[in-house]
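> Provided herewith is a single structure, encoded as structure tokens, for subsequent inquiry.
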Amino acid sequence: MIRRRPNKRATMTEHGKFDRLHEWVLSLPWVVERPRDPEAPDTRTFAVDCGPLGYRSIWLVTGLHSDTDCGDAGLAVVLPLDAASTATADGEACGVAFLPGGYVLVSPSTGPANHPLQVERLLLSAYGHAMSAPSTTDIA
């Protein structure tokens, strides 16, 4: 499998604070970006879309603006209820919204600049769950 290498000179300005993250996410196998909502142009949604295995799940949303006490990371991931419960109990994340089918949208408890390994662990957990359960948060 050939993987794209991220551009080392990607911008990290406030306007493009997720540019490097988006590059990395799109370099993961079977990850696609969903069409943007014209009413929320800064919000981007990413999904696993693996036709051969029947896996189609949204797993990451960036560009969110939150009024919660969770911290303003600007991103959230989709996790099964048990994984979301563990992440919130460990203080790594807080629940943002319950989703159908026993899933929860969770956001990192602190900003990505403060604890990048914590955020990376949460992202990889969401990606792993999306790649292991067919059509959980369907994107069709």
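> Please identify the pairs in which a residue from region 111-132 that is within 19 Å of residue 85 (Cβ to Cβ) has its Cβ atom under 6 Å from the Cβ atom of a residue that is part of a helix (DSSP H, G or I) and at pLDDT below 75, counting only partners at least 6 apart or on another chain.
none
> Next up: I need the full set of residues from region 15-46 which are in contact with a Ser or Thr (Cβ under 6 Å, 6 or more places away or on another chain) and in contact (Cβ under 8 Å) with a residue 40 or more places away in the chain, in order please.
18, 34
> For region 64-111, which residues satisfy the criterion of being at pLDDT 90 or above and assigned to a loop (DSSP other than H, G, I, E, B)?
Across region 64-111, the qualifying residues are 100, 102.
The values are calculated or read from the model by the stated rules, or taken from the named source; none is laboratory data. All values derive from a computational prediction rather than experimental measurement. Please note: Cβ atoms are built from the backbone with ideal geometry, for glycine as well, and neighbour counts cover all protein chains shown.
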